[in-house]
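The values are calculated or read from the model by the stated rules, or taken from the named source; none is laboratory data. From a predicted model like this one, the values you see are computed outputs, not experimental measurements. Backbone-built Cβ (ideal geometry, glycine too); neighbour counts: all protein chains shown. The accessibility values were calculated without ligands, DNA or RNA, using every heavy atom of the protein model including side chains. Shrake-Rupley method; radii C 1.70, N 1.55, O 1.52, S 1.80 Å.
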Amino acid sequence: QVQLVESGGGLVQPGGSLILSCAASGRTFSGSAMAWFRQAPGKEREFLAVIGVITVYADSVKGRFTISRDNAKNTLYLQMNSLKPEDTAVYYCAATGRVLAGSRPVEYDYWGQGTQVTVSS
């Protein structure tokens with residue numbers, strides 16, 4: 001059974017940083033596309049970044065967030081810097097068995113349960 005488990009969320013002040021982790025189990029995703037999304041209350045799930053054969057960022061986080069992976073640990077990361085109140089949301093990791101995937105949630109087969117990030121003073 002494939003599981004994705006996010007961790008690292010919490011409360012942070014504006015301008016602060018957080019590192020989210022997503023530990024995968026049940027299969028290896030090295031070489032496959034993995035991504036981060038977020039969803040704020042009352043809003044649709046928003047694509048943030050994907051890493052696979054290419055790395056792509058949404059304009060809203062480009063230059064502030066960095067996606068990376070440790071294939072030996074089967075873990076995905078999201079380094080978030082210069083956080084803003086509008087970054088407050090539940091953050092989800094997603095994965096697919098394909099090497100290439102885009103910004104649409106339907107392209108991903110596996111999802112974590114989410115971790116809350118709150119940016120507030």
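Please report the relative contact order for the chain, taking Cα pairs under 8 Å with a sequence separation of at least 6, and give it as a percent rounded to a whole number. Don't jump to the answer; show the numbers that get you there.
Working: 305 pairs, mean separation 44.5, N = 121.
Once divided by the residue count of the chain, the mean separation gives 37 percent.
Let me check I've understood the local charge: for VAL53, count other residues with C-beta under 15 angstrom from its C-beta, Lys and Arg +1, Asp and Glu -1. What total comes out?
Details: positive: ARG69, ARG98; negative: GLU107.
Charge balance in the 15 Å sphere: +1.
Report the net charge of residues surrounding LEU20, where surrounding means a beta-carbon distance below 12 angstrom and charges are Lys +1, Arg +1, Asp -1, Glu -1.
-1
If the reach is capped at under 17 angstrom between alpha carbons, list the aspartates and glutamates near LYS73, excluding any in the same chain fewer than eight residues apart.
GLU6
In the chain, if the dipole is taken from +1 on Lys/Arg beta carbons and -1 on Asp/Glu beta carbons about the Cα centre, which of SER82, SER120, ALA23 is farthest to the positive end?
Highest projection toward the positive end goes to ALA23.
Could you give each residue of region 70-79 its phi-based ³J(HN,Hα) in whole Hz, using Karplus coefficients 6.51, -1.76, 1.60 with θ = phi - 60°, and x for Gly or Pro?
10, 5, 5, 9, 6, 10, 10, 10, 9, 7
Can you check what the net charge comes to around TYR108, using other residues whose Cβ is under 12 Å from the Cβ of TYR108 (Lys, Arg +1; Asp, Glu -1)? Before the final figure, lay out each step's value.
Values: positive: ARG45, ARG98, ARG104; negative: GLU107, ASP109.
Within the 12 Å Cβ shell, the charges total +1.
Output wanted: per-residue J couplings in Hz (rounded whole) for region 39-50, from phi through Karplus 6.51 cos²θ - 1.76 cosθ + 1.60, θ = phi - 60°, x for Gly and Pro.
Whole-Hz 3J(HN,Hα) from phi for region 39-50: 9, 8, x, x, 10, 6, 5, 10, 5, 10, 6, 9.
How large is the accessible surface per residue of the chain, computed with a 1.4 Å probe and reported in Å² as a whole number?
Per-residue accessible area for the chain comes out at 50 Å².
Computing the accessible area with a 1.4 Å probe over protein heavy atoms, can you report the carbon and sulfur percentage for the chain?
Values: 3030 of 6020 Å².
Summing carbon and sulfur atoms, their accessible area is 50 percent of the total for the chain.
To the nearest 20 debye, what is the magnitude of the charge dipole of the chain about its Cα centre, counting +1 on the Cβ of each Lys and Arg and -1 on the Cβ of each Asp and Glu? Numbers along the way, then the final one.
Details: 11 positive and 9 negative charges, 28 e Å.
Magnitude of the dipole: close to 140 debye.
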